[in-house]
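Student: Sending over a structure as structure tokens; questions will come in a sec.
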Number of protein chains: 2
Amino acid sequence: MTETRTATPERPYHHGNLRDELLAAAEATLRERGQEQLSLRELARQIGVSHGAPRRHFADRQALLDALAITGFGRLDDALRAALEETGEDFPSRLRATAGAYVRFATDSAALLELMFTTKHREGAEAVREAAAPAFVRLDALIVQGQRSGEVAAGDTEQVSIVLFATLQGIATLINGDMVDLSRLEDLTDQATEQFLRGQRPLG
Amino acid sequence: MTETRTATPERPYHHGNLRDELLAAAEATLRERGQEQLSLRELARQIGVSHGAPRRHFADRQALLDALAITGFGRLDDALRAALEETGEDFPSRLRATAGAYVRFATDSAALLELMFTTKHREGAEAVREAAAPAFVRLDALIVQGQRSGEVAAGDTEQVSIVLFATLQGIATLINGDMVDLSRLEDLTDQATEQFLRGQRPLG
DNA sequence: ACCTGAACACCGTTCAAGT
DNA sequence: ACCTGAACACCGTTCAAGT
């Protein structure tokens, strides 16, 4: 029971884990109050370091936001992979599982999604784009499967997968922006996937 | 050639047109440097009024951004209407014209688009949503035309039009966020519209 | 190697006061 | 009715200095 074990322990000079703590605190603030309300100084205060300390780990505010976006893409890819592991092998099942997982992630993490997709005209944005690649590749692979099984017309795979990606992303944007009610999410996603299946079915 | 006619004329006490000038200057800054770089104080400096003056016309920074978003929706609707006036009467032509006009507007005014569609959890957002209504109604009317002509399957009109809207919005988001190159815009839009036409064609 | 703390140049917002 | 200008409480960023 020494002085150094109080409720707010005097931290040793070297904090040791600041980067991860900053990211965790930033993500919580992002979810609760949005990107614009996220302040480096406030994060430092919450964690108990001086306002200059974050600088060692993130060159500036934007670098921290980029890091959040990058982890976001990782989590998106994890969500898509997990959904595919729990579904059947046929193309329609995999399409529906992917679409459902995407829009669920996107509407559950609206502020994070915004960070992930509004990257334009920034330095360091290259790293964010690279982080997005696995999710795009996963969509691409899904379309390739559909083309092999004959359920998706032959053609420019990437073009088809981008339009599919765009549709899911757009549905999430309309809902996250309160233009469309969240209660319509499932029906809209079904509409999009069934329309995709019909629109892609090779003409007999 | 009196003292009151210098290059920077001494303005009369009552400015008279401050609201419109603020909006115009704000839109230019938005386009050139993005929303985050837009500062009320800097706008006031550019126009030549005190930093407190904007307060008479916009309660706060967000109110000015909302006003920009609202004028953006008006301009979007204008663009859609203009495109429809220049095309044929058949449904596929009108679908293609609408889609093309939408993605052109959306990629030409990327920062404005972001303002228009990220409205969540804000007061005064109601006015922004209302401003969006005409564009949604226009898409709805287009789908109704397609259903009447038999080129779109009968069903929930709004659901179909929202998915179409979402697809176009998503394509623009991916391009504006530099995830997809602008050069692919036209092909992606064509892919989306042709897939829509095939996916909606009633089964014979 | 990592963090502190003062300093600088900005913000948005408020409000009494001027015309 | 409309605008000014001082004041307040924040920011992000920089950097010499500490351990």
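Values quoted throughout were computed directly from the atomic coordinates according to the rules given, and no laboratory measurement underlies them. Just so it is clear, the structure is predicted and the values come from calculations on it, not from any experiment. Because the Cβ atoms are built from the backbone with ideal geometry, glycine has one as well, and the counts that use them run over all protein chains shown.
Student: With each run of n ≥ 4 DSSP H residues scored as -39500 (n - 2.57), what mean residue ellipticity at 222 nm is computed for chain A after dividing by its residue count and rounding to the nearest 500 deg cm²/dmol?
Tutor: -22500 deg cm²/dmol
Student: Once each part is reduced to its C-alpha centroid, what is the distance from the range A:85-105 to the range B:166-204 in angstrom?
Tutor: 21
Student: Sticking with this structure for a sec: Run the label-point distances for B:H121 please: 7 Å along Cα to Cβ, every other copy, nanometres, shortest first.
Tutor: 2.6
Student: Roughly how far apart, in whole Å, are the Cα centres of the range A:110-134 and the range A:29-45?
Tutor: 19
Student: Right, something else. So what J values fall out for the range B:142-158 if you push phi through Karplus, 6.51 cos²θ - 1.76 cosθ + 1.60 with θ = phi - 60°, rounded to Hz, Gly and Pro as x?
Tutor: Along the range B:142-158, the couplings run 4, 5, 4, 4, x, 5, 5, 7, x, 9, 10, 4, 4, x, 5, 4, 4 Hz.
Student: What list do you get for B:L197, B:L43, B:L68 if you sort them by fewest beta carbons within 10 Å? Please list the in-between numbers first.
Tutor: Values: B:L197 17, B:L43 24, B:L68 21.
So the ranking, lowest neighbour count to highest, is B:L197, B:L68, B:L43.
Student: If you plug each phi of the range B:24-31 into the Karplus form 6.51 cos²θ - 1.76 cosθ + 1.60 with θ = phi - 60°, what whole-Hz ³J(HN,Hα) values come out, in order, with x for Gly and Pro?
Tutor: Once rounded to whole Hz, the list reads 5, 5, 5, 5, 5, 5, 4, 5.
Student: Sticking with this structure for a sec: Going 7 Å from Cα along the Cα-Cβ axis for the label, what nanometre distances separate A:Q46 from the same residue across the other copies?
Tutor: 3.3
Student: Let me ask you something else. Can you pull out the GluC sites (Glu not before Pro) in the range B:107-160 whose DSSP state is coil and whose Cβ has at most 12 other Cβ atoms within 10 Å?
Tutor: When the GluC sites (Glu not before Pro) of the range B:107-160 are filtered for loop state and at most 12 Cβ neighbours within 10 Å, B:E123 remain.
Student: Let me ask another. How far is A:A141 from the same spot in each other copy, in nm, shortest first, if each label point sits 7 Å from Cα toward Cβ?
Tutor: In nanometres, ordered from closest: 4.7.
Student: Which percent of Cα-Cα pairs in chain A sits in each 5 Å bin, short to long?
Tutor: 1, 7, 13, 16, 15, 13, 10, 8, 6, 5, 3, 2, 1, 0, 0, 0, 0
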